[in-house]
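Presented below is the structure to which this report refers.
Since every read-out is calculated from the coordinates, none of them should be taken as a lab result. Everything numeric here is computed off the predicted structure, so don't read it as measured data. Neighbour counts are summed over all protein chains in view; Cβ atoms, including those assigned to glycine, are modelled from backbone coordinates with ideal geometry.
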2 protein chains.
Amino acid sequence: MNNQPTTTAIIVAAGRGTRMASHENKLFIKIHGRPVIAHTWAIFNNHPEIDHIVLVINNTLHDAFNDIAAIAGFKKSFSLVQGGNERQDSVWSGLNTVPESSDTVVIHDGARPLVSNTLISDTIHAAKTFGAAVAAQPVPDTIKESTDGNFISRHLERNTLWAVQTPQTFKITIIKQALSKVFESGLSVTDDTAACALIDQQVKLVESQSPNPKLTRPQDVEYITSLLNER
Amino acid sequence: MNNQPTTTAIIVAAGRGTRMASHENKLFIKIHGRPVIAHTWAIFNNHPEIDHIVLVINNTLHDAFNDIAAIAGFKKSFSLVQGGNERQDSVWSGLNTVPESSDTVVIHDGARPLVSNTLISDTIHAAKTFGAAVAAQPVPDTIKESTDGNFISRHLERNTLWAVQTPQTFKITIIKQALSKVFESGLSVTDDTAACALIDQQVKLVESQSPNPKLTRPQDVEYITSLLNER
């Protein structure tokens, strides 16, 4: 029997997608004949460093997710769990379903179907070393802070800014401790690395070497379609 | 004789476009049969609140710019001036060519051919009231600061962040004073509103209501083509 600790992926697939124009669930938009979520799932199904997959979903879509696995022939073990109101509730549900054998968790947006194998591996290795790691890219835009939404209050230095994506990868003990702190404090965090700040946990940036967009707005469909073409 | 102060547009069209894969000048990529810069220029040529246009260019392309005006039949008065090494040098060259009659200047990237008439007008009115104004959109991404490029050093509050674009519009006396301060201090600024911080000049954010992308990377061509289709 192999006693090496395992790695679990949590794919967050319970979002409401309020920025899409249609009421269609964006994860079920078909690109090259397959729902977006099937593209994302396939990457983790085929990745040699991922041992188990937890998909956090809306329970009304339970059968639809099982159908995807059957049609695509996904062989890697997976669990389906009901998501919560906020992203942090969904991640928490996922964490409570991770097998005991896992010490590392790779949290990924279902709506990012372009994540590369290398990026997943790089965040796993960085999380094993530093405790927490996040995929990120330098920000090409000029960004300003405005506390009142009317006037610029702070000019940010462009070369210090990183847009964080997923995977966000953690030692399980660390992300559980960080999210517990979030719930205790009654806070709301939009990404899991922000929770790490509450327990003074450092987060390593892992640069994405290829585009890793999230399907958020209607115009993203065309771009993601063309990128998936090139793969 | 009309003694109302006039408004001049400075179109910055001297960039090197180092993020494009080809060595082709991105402003001369043809979209719907017309160079990108001609699309941008046409908007200012037809805008009723713009009285004169200064195009900051590479002098080697002097004839090419005159040809564009002739072919498109642009009737509004314009000047062509040689750009400098840095964006701030180019803007300074442009400012020194603005007619004496103008009290307001609209600085715009040649590579943003989707700017709307309303956005131009809104920045002009805000600059007349507040001295300085900039087109901006709320940032959809989660942004972190990293001073060493390795670890996150600060988690930024997403709903306070704005990506600034152009037009950046100013009372001429104000932008001249701000840029003089930049040159005196030996600084380099990537956008003109950052210069305003040096003289404690407030900058009003003017929200872009429609996409106003800059042609920067090869994959932007397709997106901009589809947006120009819809206009």
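Mean silhouette area of region B:21-66, derived from the convex hull of its C-alpha atoms and averaged over all directions, reads 4.1 nm².
Shown for A:Asp67: label points 7 Å from Cα along the beta-carbon vector, and their distances to the equivalent points in the other copies, 5.7 nm in ascending order.
The mean count of C-beta atoms from other chains within 10 Å of the C-beta of residues in B:219-226, rounded to a whole number, is 2.
In terms of its C-alpha gyration tensor, region A:127-231 comes out oblate, because a/c is 1.5 or above while a/b does not outweigh b/c. Restricting the calculation to alpha carbons of the protein assembly as shown gives Rg and Dmax of 24.9, 94 angstrom. Backbone geometry of region A:118-131 corresponds, through the Karplus equation with coefficients 6.51, -1.76 and 1.60 at θ = phi - 60°, to 3J(HN,Hα) couplings of 4, 5, 4, 4, 4, 6, 4, 5, 5, 5, 5, 7, 10, x Hz, x marking Gly and Pro. As a rough footprinting exposure proxy, the listed residues A:Phe183, B:Phe78 were ranked by other beta carbons within 10 Å of their own, and the order from fewest upward is A:Phe183, B:Phe78.
Label-point spacing at B:Ala42 relative to the other copies reads 4.0 nm, in ascending order, each point sitting 7 Å out from Cα along Cα→Cβ. Copy-to-copy label distances for A:Asn85, where each label lies 7 Å from Cα along Cα-to-Cβ, are 5.7 nm in order of increasing length.
Restriction of the GluC sites (Glu not before Pro) in region B:24-88 to DSSP coil positions whose beta-carbon has at most 11 other beta-carbons within 10 angstrom yields B:Glu24. Modelled this way, with points 7 Å down the Cα-to-C-beta line, the labels at B:Asp67 and A:Asp63 are 6.4 nm from one another. Residue-wise HN-Hα couplings along region B:204-217, as the Karplus relation 6.51 cos²θ - 1.76 cosθ + 1.60 with θ = phi - 60° gives them from phi, are 7, 7, 10, 6, 6, 8, 9, x, 9, x, 9, 6, 10, 10 Hz; Gly and Pro carry x. When only the Cβ of Lys, Arg, Asp and Glu is charged (+1, +1, -1, -1), the dipole of region B:6-230 relative to its Cα centre reaches about 180 debye. In this Cβ point-charge picture (+1 for Lys and Arg, -1 for Asp and Glu), region A:118-223 has a dipole of about 260 debye about its Cα centre.
Within 10 Å of the Cβ of each residue in B:150-158, the mean number of Cβ atoms contributed by other protein chains is 6.
Around the amide H of A:Gln82, modelled in the peptide plane, lie the amide H atoms of A:Ile57, all under 5 Å away and 5 or more residues distant in sequence or on another chain.
Computed over neighbours whose Cβ is under 13 Å from that of B:Ala132, the net charge equals +2, Lys and Arg +1, Asp and Glu -1. Near the amide H of A:Phe151, within less than 5 Å, lie the amide hydrogens of B:Leu205, all on another chain or at least 5 residues away, with H placed in the peptide plane. Taking amide hydrogens as placed 1.01 Å from N in the peptide plane, the amide H of B:Thr142 sits under 5 Å from those of A:Val164, each at least 5 positions away in sequence or on another chain.
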